[in-house]
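The values are calculated or read from the model by the stated rules, or taken from the named source; none is laboratory data. Quantities reported herein were computed from a predicted structural model and do not represent experimental measurements. Here the Cβ positions follow ideal geometry from the backbone for every residue, glycine too, while neighbour counts run over all protein chains shown.
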Amino acid sequence: MTAMMPDARPALPLSLTGPCPPWCAYVHDHAEWAAEDRVHRGADYDVTLTSVDAIVNIGGGKLWGIEPRRVSACLWQQCREAEPRVNVSHGEEADAVMYLTLDEAEQHARHLLALVAAARREP
């Protein structure tokens, strides 16, 4: 009987077919069974919005807190997707999340920069 040497590398979760891309900041675990859990996720980039009303948390007639609104973006890639998408969100609800392809995100970034440049040229 031949003794088997254990593999020194940690085993990948079943949902992954290879190592994470360099941008992935998600901590994977071995319980990623549902397809929506099988994801590479990058770091969040948040912008606090100062020109919109804050979120007021009230429960049971008591003020629990006031939170500023934020827009967040990160890279997001589900299992079996060819490339990551940019996840842009402005809240916790499902309708507050948009996924842009890399080309769409690049185009949108150019449009935002053009709008800012135009506004800053105004006298």
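Numbers below:
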{"item": "Boolean, Glu32 is over 26 Å from Gln107 (Cα atoms), part of a helix (DSSP H, G or I) and at pLDDT below 75", "result": "no"}
{"item": "Positions within the range 94-123 being closer than 19 Å to Arg41 by Cβ and part of a helix (DSSP H, G or I), in sequence order", "result": "Ala94, Ala96, Leu102, Glu104, Ala105"}
